[in-house]
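J.: The structure that follows is given in the form of structure tokens.
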Amino acid sequence: MLRSRNTPCIQCQHSEYHDFTKYKQRKRGRKGGTRVKNKRRQSKPFIPSFVLGNTRSLVNKMDGLQGASKFLRQYREASCLAFVKTWFNQNTSETASNIDNFFVFRSDRTQEAGKNRGGGYACT
């Protein structure tokens with residue numbers, strides 16, 4: 001449709017705009033994952049990424065967290081997910097606090113603290 005228009009060709013005076021050979025093009029179909037990028041740049045060390053959340057009862061937010069760890073790049077590629085105020089206790093099962101592709105380390109509030117609700121820490 002645009003080819004059918006009869007427009008005059010405008011000549012550019014600056015030849016540097018037409019020299020596209022000096023720009024390095026990225027090859028199509030290249031892997032772009034974190035590990036591959038780190039192998040390519042061997043002189044620069046990998047910087048770990050952390051996600052820290054003050055969740056206030058993580059039990060009712062586990063479905064959203066599991067979805068985020070699958071579909072959001074920030075959660076999926078994070079080195080460590082840390083959550084405070086999880087409100088986990090001894091009665092909370094390990095399967096309820098499990099996140100796919102992560103190992104969960106929990107520190108629940110005990111009865112010796114004198115409180116029945118609040119506190120706790122989970123690191124994945």
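Each reported figure results from applying straightforward, stated rules to the coordinates on display, with no laboratory input. Everything quoted here is computed from the prediction, not taken from an experiment. Heads up, the Cβs are rebuilt from the backbone with ideal geometry, glycines too, and the neighbour counts pull from every protein chain shown.
J.: Describe numerically, in nm with one decimal, the distance between label points set 7 Å from Cα along Cα→Cβ at Leu72 and at Leu52.
T.: Here the modelled spin labels are 1.7 nm apart.
J.: Okay, next question. Among the listed pairs Lys37/Lys61; Lys39/Lys70; Lys39/Lys85, give every one whose C-alpha distance is greater than 27 Å.
T.: Numbers: Lys37/Lys61 32 Å; Lys39/Lys70 24 Å; Lys39/Lys85 37 Å.
Distance filter (> 27 Å) returns Lys37/Lys61; Lys39/Lys85.
J.: At 20 °C and a viscosity of 1.002 mPa s, what translational diffusion coefficient does Stokes-Einstein give for the stretch 50-124, taking Rh as the Kirkwood radius over Cα pairs? Give it in µm²/s as a whole number. Before the final figure, lay out the partial values.
T.: Working: Rh = 12.6 Å.
D = 170 µm²/s.
J.: Going through the stretch 51-124, which chymotrypsin sites (Phe, Trp or Tyr not before Pro) have at most 11 other Cβ atoms within 10 Å and a DSSP loop state?
T.: Details: sites: Phe71, Tyr75, Phe83, Trp87, Phe88, Phe102, Phe103, Phe105, Tyr121; in loops: Trp87, Phe88, Phe102, Phe103.
Qualifying residues, ordered by number: Phe103.
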